[in-house]
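Here the structure is laid out as structure tokens; the discussion comes afterwards.
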Amino acid sequence: MARKVNQWLATALTTGGMVLLALGLSTATASEVKNEAYQRIQKSDQMVWGVKGDTRLMGLMDIKTGKLQGFDIDMAREVTHHIDPKLKVKLTQVTSGTRVPMLLNGNIDAVIATMTITPERQKVVAFSDPYFNAGQAIMVRKDSKIKSVKDLNKSGVRVLGVTGSNSEQNMKKAAPKAKVVSLPDYATAMTALETGQGDALTSDSGILYGLAYGDQKVKVVGKTFTEEPYGIALDKNNPKLQKKVNQAIKKMRKDGSYDHLVKKWFSRVPGLDWKEIAK
């Protein structure tokens, strides 16, 4: 099967430059075989998911147990079960920067990793129906006087973001005078915020509340200033799998299993309305 890995970026840039490294869309290419991922799942009797391991509440590696846990992790298992109860679930850790290349190279069958559905990404991957209603927010240190995103629109203000997310681009529009600093992952970004290397950290609300949960040094402030619906990302050449995933999400909303997971992970988070997420 031809992958054309080395040609993908050049082709994307030639056809308009819509795919940006800043979005985590690097050198990879979609499968040329229709429904390959779906066929692979059927043959192997397992579905391989790309998930995060550094995002509390959504996808986090528990150091004590060595197991991944979080809302996205449970969603991956439930969606797989609704597609076919006989399928096994395999979890592979990804980051905002690696999730799309790994998907397009066939390393994983689907991505459920706090991935916002955007027009730019839809040019490269297919998405399921939205499964989580997030919005971009900001986090600051507990002693900070910053109360909203408007307070960041000043020269000299440093806002931390994570490479591969769309949060950085949104922040440049919301606070054009601020300097946006890109970091490789949330653990690094949190350390930078807590040690005063940045004035605020920006990401989706679900991610920030997870990072702030149980941390006495930081707080989430202000309201969300964008709409960030999360979707399950799939190879665009796999309409059968996309249909199965969408059917699974609809079944989960109907049978109550979706609300159960939202309540399980977000009902005890201060400041976060889990019922709003479940709508």
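General observations
- So Pro184, is it within 30 Å of Asp151 (Cα to Cα) and in contact with a Pro (Cβ under 8 Å, 6 or more places away or on another chain): no
- Residue match in region 266-276 (condition: among the basic types (Lys, Arg), under 20 Å from Ala126 (Cα atoms) and open to solvent by 60 Å² or more (accessible area, probe 1.4 Å)): no
- Among (1) outside any helix (DSSP H, G or I); (2) touching a residue at least 60 places away in the same chain (Cβ under 8 Å), the one test that Gly156 misses: (2)
- Positions within region 141-160 being within 21 Å of Lys173 (Cβ to Cβ), of a type in the set (D, E, K, R) and surrounded by fewer than 17 Cβ atoms within 10 Å (Cβ to Cβ), in sequence order: Lys147, Lys150, Lys154, Arg158
- Considering only residues in region 226-254 that are touching a strand residue (DSSP E or B) at 6+ places or on another chain (Cβ under 9 Å) and among the charged types (D, E, K, R), the one that is surrounded by the most Cβ atoms within 10 Å (Cβ to Cβ) turns out to be Asp235.
- Checking Thr114 against (1) assigned to a strand (DSSP E or B); (2) of a type in the set (S, T, N, Q); (3) on the phi > 0 side of the Ramachandran plot, the condition it does not meet: (1)
- For Asn133: the one exception among (1) assigned to a loop (DSSP other than H, G, I, E, B); (2) of a type outside the set (Asp, Glu); (3) within 23 Å of Tyr209 (Cβ to Cβ): (1)
- Of the helices (runs of 4 or more DSSP H) lying entirely inside region 186-279, those containing at least 2 residues that are in contact (Cβ under 8 Å) with a residue 40 or more places away in the chain and farther than 13 Å from Ala137 by Cβ span 186-194, 239-255, 257-266, 274-277.
- Every residue from region 51-82 that is among the polar types (S, T, N, Q) and either within 13 Å of Ala113 (Cβ to Cβ) or open to solvent by 40 Å² or more (accessible area, probe 1.4 Å) (or both): Thr55, Thr65, Gln69
- Which listed residue, of Pro176, Pro85, Pro130, is without any contact (Cβ under 8 Å) to a residue 60 or more places away in the chain, closer than 30 Å to Lys254 by Cα and open to solvent by 50 Å² or more (accessible area, probe 1.4 Å): Pro85
- Test: residue in region 233-243 that is under 30 Å from Val48 (Cβ atoms), at pLDDT below 95 and touching a Ser or Thr at 6+ places or on another chain (Cβ under 7 Å): yes
- Among the residues listed as Ile138, Ile108, the single one being assigned to a loop (DSSP other than H, G, I, E, B), surrounded by 17 or more Cβ atoms within 10 Å (Cβ to Cβ) and modelled with pLDDT of 95 or more: Ile108
- Pick from region 212-225, criterion of a type in the set (A, V, I, L, M, F, W, C) and within 20 Å of Leu60 (Cβ to Cβ), ranking: surrounded by the most Cβ atoms within 10 Å (Cβ to Cβ): Ala212
- Some residue of region 191-211 being within 19 Å of Thr116 (Cα to Cα), hydroxyl-bearing (Ser, Thr, Tyr) and open to solvent by 10 Å² or more (accessible area, probe 1.4 Å): yes
The values are calculated or read from the model by the stated rules, or taken from the named source; none is laboratory data. What you are looking at is a predicted structure, and each value in this text was computed from that prediction instead of being measured. Reconstructed Cβ throughout: ideal geometry from the backbone, glycine too, with neighbour counts over all protein chains shown. Accessible surface areas use protein heavy atoms only, side chains included; no ligands, DNA or RNA. Shrake-Rupley method; radii C 1.70, N 1.55, O 1.52, S 1.80 Å.
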